[in-house]
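J.: Pasting a structure here, questions to come.
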Amino acid sequence: MRLGGRSVLHRVSLRAEPGELVALAGPNGSGKTTLIRAALGLVPIESGGVELFGAPTAELTARERARRVAWVPQEEAPRDNVALREYVLYGRYPHLAPFGGETAEDRALADRALADVGLSDRAHEGIRTLSGGERQRLLLGRALAQGSSLLLLDEPTAHLDIGHQLDILERVQRLVRERRVCAVAALHDLNLAARYADRLAVLSRGRLVADGPPGEVLDAALLREVWGVEAVLKRDPHSGQPYLLPRRTLDAARLARPLPGGRGPVHVVGGGGAASPLLRRLVDDGWTVTTGALPLLDSDTETADELGVPFVAEIPFATLSDDVRERHRRLLDAAALVVVAPFAVGPTNLANLEDLMGRPARGPVILVDDGGIARRDFTGGRASALWSRLEAEGAERVRDVEAAIRRLGELLSRSA
């Protein structure tokens, strides 16, 4: 398949059966999101094609596609504070008659979807009252209300803490089996994919390099070949499912490698993909950049690896160890400026904020706040308290990536 004048997918063929959850895995740029968006008819295809249940996507109207396939994006910012029941009813639009309203059956299906995602008791509340994890469940509820035979999920666990990641995938797994729909979910975390998926399909540079049960597909050689990560493969003694313990961490040789650009250095604190836009802009603009501490296989870790940005990494799901924190503090000490991305803070990565205490007195700290720390705080308020302390110590809050880049430029000019 060609897109934008270049080949992005090469003879990729996937088939999902009713009642089957397929995890789509691969490094950044491997084609996961492109494949999902092509199946939805959201990207123009110059050559090749996509079929949904035997019908070419290009020949289907938007309403016909929506009746066949439902989409759960990574996130969706609400424009209005619409009630949850009304939001889920949006999923019924492909089935409404022209100029017709919702029927009693449509409303019953929306109520069932709300029950399936555990939000029935909040049906009349506004969407802006939800946390990030609850909002992801609501997106799943809207997709279920669509009644489509295929469910596509584009990194549904991105930006969520581990508790909400497990919750959303357990719900998807149960609903797939109970409703007998097909589901394909792009997932970065291979351990989560192995735990919940019936099949694991791995993309690398636009090619399908593995497809089968996780227990047959996952091995150390695949991780080394596709992700460039050394790992030990183990099995859960209770479920028999495989899981990986990555061993690759930042070392002195990697730190000594020449960094891109010459401005800075600036250190970016993030996780769950929140830092990736910052990392890309900073590298493109010629800054010397470091990042961490991040779990291996995290979206931000993959972006850093792709860009050649030095990072400190921890194994997935683990609380930051003393060794990782010490190496992370060394990067913080070496940085002239620090930018904190709007990442979800849970018990495992709270130390990233703890290690910033006192930092504003030694150099500028910029906090990128896209709507308030409270909605990203999964620590019972501890992260919010640390965020407030950082501001009290002199950290500056900016609205978004563009504002952060502008402020960094101002600080650089002032110190020149």
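J.: How many of the residues making up the stretch 189-214 are small (Gly, Ala, Ser), part of a strand (DSSP E or B) and either touching a Pro at 6+ places or on another chain (Cβ under 9 Å) or modelled with pLDDT under 90 (or both)?
T.: 1
J.: Please list, ordered by first then second residue, the pairs with beta carbon atoms under 9 Å, 6 or more apart or interchain, first in the stretch 400-413 and surrounded by fewer than 16 Cβ atoms within 10 Å (Cβ to Cβ), second among the acidic types (Asp, Glu) and in a loop (DSSP other than H, G, I, E, B).
T.: Pairs that qualify, where the first residue is surrounded by fewer than 16 Cβ atoms within 10 Å (Cβ to Cβ) and the partner is among the acidic types (Asp, Glu) and in a loop (DSSP other than H, G, I, E, B), are ASP400/ASP369; ASP400/ASP370; GLY409/ASP285.
For (1) in contact with a strand residue (DSSP E or B) (Cβ under 8 Å, 6 or more places away or on another chain); (2) small (Gly, Ala, Ser); (3) farther than 24 Å from ALA193 by Cα, each residue gets a yes or a no:
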site: PRO277; (1), (2), (3): no, no, yes
site: LEU282; (1), (2), (3): yes, no, yes
site: TRP287; (1), (2), (3): yes, no, yes
site: LEU294; (1), (2), (3): yes, no, no
site: ASP300; (1), (2), (3): yes, no, no
site: ALA304; (1), (2), (3): yes, yes, no
site: GLY308; (1), (2), (3): no, yes, yes
site: ASP323; (1), (2), (3): no, no, yes
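J.: Taking the options ARG65, ARG79, name whichever one is more than 24 Å from GLU134 (Cβ to Cβ), without any contact (Cβ under 8 Å) to a residue 40 or more places away in the chain and charged (D, E, K, R).
T.: Selected residue: ARG65, the only one of ARG65, ARG79 that is more than 24 Å from GLU134 (Cβ to Cβ), without any contact (Cβ under 8 Å) to a residue 40 or more places away in the chain and charged (D, E, K, R).
J.: Just give me the residues in the stretch 301-321 being in contact (Cβ under 8 Å) with a residue 40 or more places away in the chain and closer than 11 Å to ASN28 by Cβ, in sequence order.
T.: The answer is GLU302, THR303, ASP305, GLU306, LEU307.
J.: When you go through (1) closer than 22 Å to ASP167 by Cα; (2) out of contact with any helix residue (DSSP H, G or I) (no Cβ under 6 Å at 6 or more places or on another chain); (3) part of a helix (DSSP H, G or I) one by one for ARG65, which number turns out not to apply?
T.: All conditions are met except number (1).
J.: Collect the residues in the stretch 261-272 that are surrounded by 15 or more Cβ atoms within 10 Å (Cβ to Cβ) and modelled with pLDDT under 90, keeping them in residue-number order.
T.: The answer is GLY261, ARG263, GLY264, PRO265, GLY272.
J.: Next question, about the same structure. Determine, yes or no, whether HIS124 is part of a loop (DSSP other than H, G, I, E, B), under 21 Å from the mean Cα position of the chain (by Cα) and touching a residue at least 40 places away in the same chain (Cβ under 8 Å).
T.: no
To keep it simple, each residue is scored yes or no on (1) at pLDDT 85 or above; (2) over 23 Å from ALA23 (Cα atoms); (3) of a type in the set (Phe, Trp, Tyr); (4) surrounded by fewer than 19 Cβ atoms within 10 Å (Cβ to Cβ).
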site: ALA39; (1), (2), (3), (4): no, no, no, no
site: ARG63; (1), (2), (3), (4): no, yes, no, yes
site: GLU75; (1), (2), (3), (4): no, no, no, yes
site: ALA83; (1), (2), (3), (4): yes, yes, no, yes
site: ILE127; (1), (2), (3), (4): yes, yes, no, no
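J.: Checking the structure you have, find out if any residue of the stretch 338-352 is in contact with a strand residue (DSSP E or B) (Cβ under 7 Å, 6 or more places away or on another chain), free of Cβ contacts under 8 Å to residues at least 60 places away in the same chain and closer than 24 Å to VAL229 by Cβ.
T.: Within the stretch 338-352, none of the residues are in contact with a strand residue (DSSP E or B) (Cβ under 7 Å, 6 or more places away or on another chain), free of Cβ contacts under 8 Å to residues at least 60 places away in the same chain and closer than 24 Å to VAL229 by Cβ.
J.: Quick one: ALA97 ticks every box in (1) part of a helix (DSSP H, G or I); (2) small (Gly, Ala, Ser); (3) surrounded by fewer than 15 Cβ atoms within 10 Å (Cβ to Cβ) except a single one, so which number is it?
T.: Exception for ALA97: condition (1).
J.: Can you list residue pairs whose Cβ atoms sit under 6 Å apart, with the first residue in the stretch 322-334 being assigned to a helix (DSSP H, G or I) and the second being among the acidic types (Asp, Glu) and modelled with pLDDT under 85? Count only pairs 6 or more apart in sequence or on different chains.
T.: Short answer, once both residue conditions are applied: VAL324/GLU314.
J.: Please go through the stretch 154-171 and give me each residue that is in contact with a strand residue (DSSP E or B) (Cβ under 9 Å, 6 or more places away or on another chain) and either among the polar types (S, T, N, Q) or modelled with pLDDT of 90 or more (or both), ordered by number.
T.: THR157, LEU169
J.: Return the pair list, or none, for Cβ contacts closer than 8 Å from residues in the stretch 210-224 that are more than 21 Å from SER239 (Cα to Cα) to residues that are assigned to a helix (DSSP H, G or I), at least 6 apart or on different chains.
T.: Sorted first by the residue in the stretch 210-224, then by its partner, the pairs are ALA210/VAL217; ALA210/LEU222; LEU223/LEU190.
J.: Hey, can you tell me all the residues within the stretch 175-188 that are among the β-branched types (Val, Ile, Thr) and in a loop (DSSP other than H, G, I, E, B)?
T.: Answer for the stretch 175-188, where residues must be among the β-branched types (Val, Ile, Thr) and in a loop (DSSP other than H, G, I, E, B): just VAL181.
J.: For the stretch 300-323, what are the residues that are closer than 15 Å to PRO246 by Cα and either of a type in the set (Gly, Ala, Ser) or at pLDDT below 85 (or both)?
T.: Hits for the stretch 300-323 are GLU302, ASP305, ALA313, GLU314, ILE315, PRO316, PHE317, ALA318, SER321.
The values are calculated or read from the model by the stated rules, or taken from the named source; none is laboratory data. What you see is a predicted model, and the numbers here were worked out from it, not measured in a lab. Please note: Cβ atoms are built from the backbone with ideal geometry, for glycine as well, and neighbour counts cover all protein chains shown.
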